[in-house]
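Before any comments, here is the structure.
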Amino acid sequence: MEYRSQNLARGWIELSEDYQIVDLTLTLPRNPRSPYTPRDVASIRWIVLHHSAGPADQTPDSIARFHIETRGWSSIAYNYLIYEDGRILAARPLDVVPACVKGHNEESLCICFVGDFSARPPSPTAIAAGVWLTHLLRNAYMQIVGVRGHREMPDQATPCPGAAFDLVGYRAQAGMPA
Ligand SMILES: [Zn+2]
């Protein structure tokens, strides 16, 4: 298999040619009143899955602006976005604290499936891209112990990533525990 290298978390990791990760970490809008808080990537324990709970075609820029202007956060909350067509976008660097699991951001790495999966699941293409990314991240950061839905993290009052998102099936495909 062919591999190429890409700098994602300001460290080099190997990517297969099956999928590409488009890096938006330096180009998405930022909040001038709320700088990023650095973290050591060694603190990451969980890959946490979300949905955006909005339109499937909402742009990364639009999500980032909502998080900045309405939530007051530093930038987009999530580390990665996955679209229904399988596109994977790096959104927030891994070496800063994300804003996606209240009380547990320091140990979380957040992947957001763009769309609302309350009543229907993500496309098989999106799930396959997510499972591929989950493998990649698990192999790059061996201290990661599991993959969970947002609602499965402690003290989270949310149905995220949507009632129709099959977390058990996702873990089975990823070969990872909760
Ligand atoms: Zn969520």
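Give me a count of the residues in the range 133-157 that are surrounded by fewer than 15 Cβ atoms within 10 Å (Cβ to Cβ) and under 20 Å from H104 (Cα atoms).
Qualifying residue count for the region: 5.
So the check is Cβ under 6 Å with 6+ separation or different chains; which pairs have a first residue in the range 142-170 that's farther than 29 Å from D40 by Cβ and a second one that's among the aliphatic types (A, V, I, L, M) and more than 14 Å from the ligand (Cβ to nearest atom)?
Once the first residue is farther than 29 Å from D40 by Cβ and sits in the range 142-170, its partners that are among the aliphatic types (A, V, I, L, M) and more than 14 Å from the ligand (Cβ to nearest atom) give A164/A119.
Filter the range 144-153 down to the residues that are of a type outside the set (K, R) and either under 14 Å from S52 (Cβ atoms) or within 14 Å of the ligand (Cβ to nearest atom) (or both) and list them by number.
Those that are of a type outside the set (K, R) and either under 14 Å from S52 (Cβ atoms) or within 14 Å of the ligand (Cβ to nearest atom) (or both): V147, G149, H150, E152, M153.
Name the pairs whose Cβ atoms lie under 8 Å apart, with the first residue in the range 54-70 and closer than 19 Å to P161 by Cβ, the second surrounded by fewer than 15 Cβ atoms within 10 Å (Cβ to Cβ), and 6 or more positions between them or separate chains?
Going by the 8 Å Cβ cut-off, the qualifying pairs are I63/G54.
Within the range 36-54, work out how many residues are over 20 Å from M176 (Cα atoms) and away from the ligand (no atom under 16 Å from the Cβ).
5
Laboratory data are not the source of any read-out in this text; all were calculated from the coordinates shown. Because the structure is predicted, anything quoted here is derived from the model rather than measured. So basically every Cβ, Gly included, is an ideal-geometry build from the backbone, and we count neighbours across all protein chains shown.
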